[in-house]
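The values are calculated or read from the model by the stated rules, or taken from the named source; none is laboratory data. From a predicted model like this one, the values you see are computed outputs, not experimental measurements. Because the Cβ atoms are built from the backbone with ideal geometry, glycine has one as well, and the counts that use them run over all protein chains shown. Protein only, heavy atoms only, side chains kept; ligands, DNA and RNA dropped before computing areas. Shrake-Rupley method; radii C 1.70, N 1.55, O 1.52, S 1.80 Å.
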Amino acid sequence: EFTSYTNALKRKAEILPVNELEAKAKEGSSKKAAYRLVTSNTYVRNPYVAEYAKVRAHGVCQLCGQVAPFNDKTGKPYLESHHIEWLSKGGEYSVNNTVALCPNCHRKMHMLNNQTDKDLLLSKTLP
């Protein structure tokens, strides 16, 4: 599968000495990027749930507590909706499972999925 292949290459790159990494990076940097046609499933999202999570957050990330890092083109604070229990793992698409996060915290949740952070976020969805 393509994802397994790219993950294996990433792990290999992460352990290379810097001089070998630089040489391989320069070797591939003048080439046009390759592409693959990928077919995937996606979840149908309810825009009202995502928007409600953002409004409920009042422009503040519900994980780190910081004000959104910038405003979008319409002037609204930029936050991303996040499902505490991921949809792909059986989480519900509901207001009790959706929060608003800054881009850094959103990435953090997808990289680490820390239980302490999940517990904190769940507490923010309670009335």
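Take the residues in region 1-19 that are open to solvent by 100 Å² or more (accessible area, probe 1.4 Å) and at pLDDT 85 or above; name whichever of them is farthest from the chain's Cα centre (by Cα).
From region 1-19, those open to solvent by 100 Å² or more (accessible area, probe 1.4 Å) are 1, 5, 10-12, 14-15, 18-19; that's our starting set.
Those still in the list that are at pLDDT 85 or above too: 5, 10-12, 14-15, 18-19.
On the way: TYR5: 21, LYS10: 19, ARG11: 20, LYS12: 23, GLU14: 21, ILE15: 25, VAL18: 28, ASN19: 31 Å.
Only one residue fits best here, namely ASN19.
No other residue among GLU85, GLU92 is under 14 Å from the mean Cα position of the chain (by Cα) and in a loop (DSSP other than H, G, I, E, B) apart from GLU85. I'd like the residue in region 95-119 that is assigned to a helix (DSSP H, G or I) and β-branched (Val, Ile, Thr) and, out of all such residues, is modelled with the lowest pLDDT. Filtering region 95-119 for residues that are assigned to a helix (DSSP H, G or I) and β-branched (Val, Ile, Thr), the one modelled with the lowest pLDDT comes out as VAL95.
Only residues that are in contact with a helix residue (DSSP H, G or I) (Cβ under 8 Å, 6 or more places away or on another chain) and of a type in the set (A, V, I, L, M) were counted in region 2-54, giving 6. Considered as a group, the residues in region 20-49 that are among the hydrophobic types (A, V, I, L, M, F, W, C) and closer than 30 Å to ALA100 by Cα include one that is surrounded by the fewest Cβ atoms within 10 Å (Cβ to Cβ), and that residue is VAL44.
Flag: GLY59 matches the condition of being under 15 Å from LYS124 (Cβ atoms) and without any contact (Cβ under 8 Å) to a residue 24 or more places away in the chain.
The single condition among (1) under 30 Å from THR6 (Cα atoms); (2) assigned to a helix (DSSP H, G or I); (3) open to solvent by 100 Å² or more (accessible area, probe 1.4 Å) that TYR52 does not satisfy is (1). Scanning region 55-72 for residues that are in a helix (DSSP H, G or I) and surrounded by 13 or more Cβ atoms within 10 Å (Cβ to Cβ) turns up ARG56, ALA57. Which residues, counting only those in region 73-127, are over 20 Å from TYR43 (Cβ atoms) and open to solvent by less than 20 Å² (accessible area, probe 1.4 Å)? CYS102, CYS105, listed by residue number.
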